[in-house]
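What follows is a single structure, written as structure tokens, with notes after it.
Please treat every number below as a calculation from the coordinates, not as lab data. Not measured: the values here are computed from a predicted model. Here the Cβ is made from the backbone with ideal geometry for all residues, glycine too, and neighbour counts use every protein chain on show.
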Amino acid sequence: MPGGRLTQQERQRIAAGLADGLSYAEIARRLDRPTSTVSREVGRNGGPGGYRPQQAHQATSRRARRGTPAFPHTAGPPVGRPVGAAGEEIVELAVRSGMPRMTARVHVDLLLSEDGRRTAAELTRRLKVSPASVSVAVNSLVDQGYVRRERDPRRRRDVYVVDDEAWYHSVVISARQTLEAARVATAGAETVGPDEPAEQRMARAGAFLERVALDLMESADRWRPLLS
């Protein structure tokens, strides 16, 4: 496995891998580098959406000339980045699944926190984004069941919490949304009229979605004790 600093060609290959939607692990495998090397490289140079190989190479050269570390204020990763390659992988997976990047970053920061709790101010400071961005992300996570909101009466502020039960609630909410889609499809089939191709297609879709949603809710209830 090669060591030392990344070459400009390797940085270009990282950029190409990101553009193709590859995971950090896959990019690292193709470079014969540790996944943590790719994670750090992307994290310190604009993130997956802002990584530019030429600028990254120039920035690394400047740091080397100055003798300054990549993370000057801390011995670990910079504040605002998920800790380690695993956190980056979770963010990328969530984004590929359709979750907005900011929402994914907030979720991962909560998941990897020691007690699963953050205030809005803490999230804003750690992720180095505006309070409005955090508010939008948190509200989305609460709506989907991934996070719950608690009130701190002493400091009169909200605390956002992710715990084991959050996974159960998120699955149930998703199943209920699918069940609602099934009901809409079934109702739509009834308005089209019998024996029409569209009626049959929507009726089959409604039956399929309803069965899947009910099975998912039943499975969530059956395996819920695993979370306690």
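Residue by residue through the stretch 214-228, which ³J(HN,Hα) values in whole Hz follow from phi under the Karplus form 6.51 cos²θ - 1.76 cosθ + 1.60 (θ = phi - 60°), with glycine and proline marked x?
For the stretch 214-228, the Karplus curve yields 5, 5, 5, 5, 5, 5, 4, 5, 5, 9, 4, x, 5, 8, 9 Hz.
Nearest 10 degrees, 0 to 90: what angle lies between the long axis of helix 131-143 and the longest principal axis of the chain (Cα atoms)?
It works out to around 40 degrees.
What ranking do 11-19, 105-113, 184-192 get when scored by the average of other Cβ atoms within 10 Å per residue, highest first?
Sorting 11-19, 105-113, 184-192 by mean packing, highest first, produces 105-113, 11-19, 184-192.
Just to check, using Stokes-Einstein with a Kirkwood Rh over alpha carbon pairs, what's the diffusion coefficient of the stretch 111-228 at 4 °C and 1.567 mPa s in µm²/s?
In µm²/s, the coefficient rounds to 77.
In terms of modelled amide H atoms, which long-range or inter-chain residues lie less than 5 Å from the amide H of Val159?
Glu150, Arg151, Asp152
What ³J(HN,Hα) values, in whole Hz, does the Karplus curve 6.51 cos²θ - 1.76 cosθ + 1.60 give for the stretch 146-154 when θ = phi - 60°, with x put for Gly and Pro?
Result, rounded to whole Hz: 6, 9, 10, 9, 10, 9, 8, x, 5.
Quick check of the Kirkwood formula: for the chain, what is the inverse mean of 1/r over all pairs of different Cα atoms, in Å?
Averaging 1/r across every pair of different Cα atoms and inverting gives 20.6 Å.
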